[in-house]
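Structure first, commentary second.
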Amino acid sequence: MPPPLRLQHIHLPSPSPTNLPPYSLASKLQSLLRRHHLNFKDSPSANPPPPPFLISFTPLPIYTLGRRQSSPLSPQELTRLSRPLSYQNQTLPVTTSHSPRGGLTTYHGPGQVVLWPVLDIHSKRHKTFTVRCYSRLLENTTIATLEKMFRIRAFTTEDPGVWSRVRDGEEAKKIAALGVHLRRHVSGLGTAINVDMPGTDEVLSERENPWRRIVACGIEGKTVTCVREVVAHITAGEGPGLRGTEEVADFWGRELSERIGVDGVDKISGGRVAELLEEAVVRSEEGWEGGEEGYVEEVRRGLGGWVEEALDRGV
């Protein structure tokens, strides 16, 4: 009898507030895992069936441009987006990149957790999904995570993403972004939850608030919030405390595993993460890019220290 099918959760650690995984490195890992699924679809008898994966990470600051961004950024726009960002008294570099998702420009960075499932939505080894049902799966998994972890009432609207209200009666603000890219029914991209980062209206300085530099996803008149901001107003400040991004990722993964009908989650950590990242770079066309090799080296050096400490704390 084959072993039970389990979701494989690969969390890219953050060795320090300024040494976060580059978005480009996570993208290469995603490509590697998608290739495993596509190879199996091409030659089922020659390749073992891959499990569903989940990649979670908090990246260095980056603005990604969706497919609706048909015209290139002007030099002035590019300069504005690329200015360094101040975060926790540290100065972080900011990059820009094109993304295969829909929409216009959005932001990913510190205080946010990015969640990318990699699975075949037509696989008979777990529940199957249409494209629309898969998007709804990501939305509902995010809504359930926010409700169960933080008692946040989140919901969908006619605009993409997951939304919430800081106070009853106020206009809805986006608390999680959603972007999907499918290749022969193998998923890419996913959800990004704003955990502890400035909302659009909280901090007006573009140096400290990355949302002040863009119209998020091109939706005029809409603003962004985060878990911290909403939780602070739940039951007059007596709501549940804020959790870290990795804890949110773990909960989201467990919720996803139940909803796709697999037998739980295996968390991949430590040296295996570094090995997967190195394999992803070697198999990519681009090879090592700025900051990627240094991040992987930091992960390897830290295996005897901060990883074990984090495991001891149960995070």
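Yes/no per residue for (1) surrounded by fewer than 17 Cβ atoms within 10 Å (Cβ to Cβ); (2) in a helix (DSSP H, G or I); (3) not hydrophobic (A, V, I, L, M, F, W, C):
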position: Ser27; (1), (2), (3): no, yes, yes
position: Asn39; (1), (2), (3): yes, yes, yes
position: Ala46; (1), (2), (3): yes, no, no
position: Ile55; (1), (2), (3): no, no, no
position: Thr64; (1), (2), (3): no, no, yes
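Is there a residue being in contact with a helix residue (DSSP H, G or I) (Cβ under 6 Å, 6 or more places away or on another chain), in a strand (DSSP E or B), open to solvent by less than 30 Å² (accessible area, probe 1.4 Å) and over 25 Å from Leu60 (Cβ atoms) anywhere in the range 181-198?
So far as the range 181-198 goes, yes, one or more of its residues are in contact with a helix residue (DSSP H, G or I) (Cβ under 6 Å, 6 or more places away or on another chain), in a strand (DSSP E or B), open to solvent by less than 30 Å² (accessible area, probe 1.4 Å) and over 25 Å from Leu60 (Cβ atoms).
Say we look at the range 93-149 and pick out the residues that are in contact (Cβ under 8 Å) with a residue 12 or more places away in the chain and among the charged types (D, E, K, R); which of these is farthest from His181 (Cα to Cα)?
Lys148
Looking at (1) among the small types (Gly, Ala, Ser); (2) over 16 Å from the mean Cα position of the chain (by Cα); (3) open to solvent by less than 10 Å² (accessible area, probe 1.4 Å), which is the one condition that is false for Ser16?
Failed condition: (3).
Look at Leu78 and say whether it is open to solvent by 20 Å² or more (accessible area, probe 1.4 Å), closer than 28 Å to Gly294 by Cα and either among the aliphatic types (A, V, I, L, M) or modelled with pLDDT of 95 or more (or both).
Values: open to solvent by 20 Å² or more (accessible area, probe 1.4 Å): yes; closer than 28 Å to Gly294 by Cα: yes; either among the aliphatic types (A, V, I, L, M) or modelled with pLDDT of 95 or more (or both): yes.
For Leu78, the condition - open to solvent by 20 Å² or more (accessible area, probe 1.4 Å), closer than 28 Å to Gly294 by Cα and either among the aliphatic types (A, V, I, L, M) or modelled with pLDDT of 95 or more (or both) - is met.
Can you name every one of the strands (runs of 3 or more DSSP E) wholly within the range 91-149 that holds 2 or more residues which are touching a helix residue (DSSP H, G or I) at 6+ places or on another chain (Cβ under 7 Å) and surrounded by fewer than 18 Cβ atoms within 10 Å (Cβ to Cβ)? Before the answer, list the steps.
Numbers: elements: 95-98, 105-108, 112-118.
Answer list for the range 91-149: 95-98.
For the range 271-283, give me the residue count where each residue is assigned to a helix (DSSP H, G or I) and open to solvent by 30 Å² or more (accessible area, probe 1.4 Å). Before the answer, list the steps.
To start, the set of residues in the range 271-283 that are assigned to a helix (DSSP H, G or I) comprises 271-282.
Those still in the list that are open to solvent by 30 Å² or more (accessible area, probe 1.4 Å) too: 272, 275, 278-279, 282.
Matching residues across the range 271-283 total 5.
Is the range 257-270 home to any residue that is assigned to a loop (DSSP other than H, G, I, E, B), modelled with pLDDT under 95 and either of a type in the set (D, E, K, R) or under 19 Å from Glu139 (Cα atoms) (or both)? It would help to see each step written out before you state the result.
So the first thing to find is which residues in the range 257-270 are assigned to a loop (DSSP other than H, G, I, E, B), and the list is 261-264, 269-270.
Narrowing further to those that are modelled with pLDDT under 95: 269-270.
Applying the additional criterion that residues be either of a type in the set (D, E, K, R) or under 19 Å from Glu139 (Cα atoms) (or both) yields none.
For the range 257-270, residues assigned to a loop (DSSP other than H, G, I, E, B), modelled with pLDDT under 95 and either of a type in the set (D, E, K, R) or under 19 Å from Glu139 (Cα atoms) (or both): absent.
The values are calculated or read from the model by the stated rules, or taken from the named source; none is laboratory data. Computed from a predicted model, the values in this text were never measured in an experiment. Glycine also receives a Cβ, built like all others from the backbone with ideal geometry; neighbour counts cover every protein chain displayed. Remember, those area values only see protein heavy atoms, side chains included, never the ligands or the DNA or RNA. Shrake-Rupley method; radii C 1.70, N 1.55, O 1.52, S 1.80 Å.
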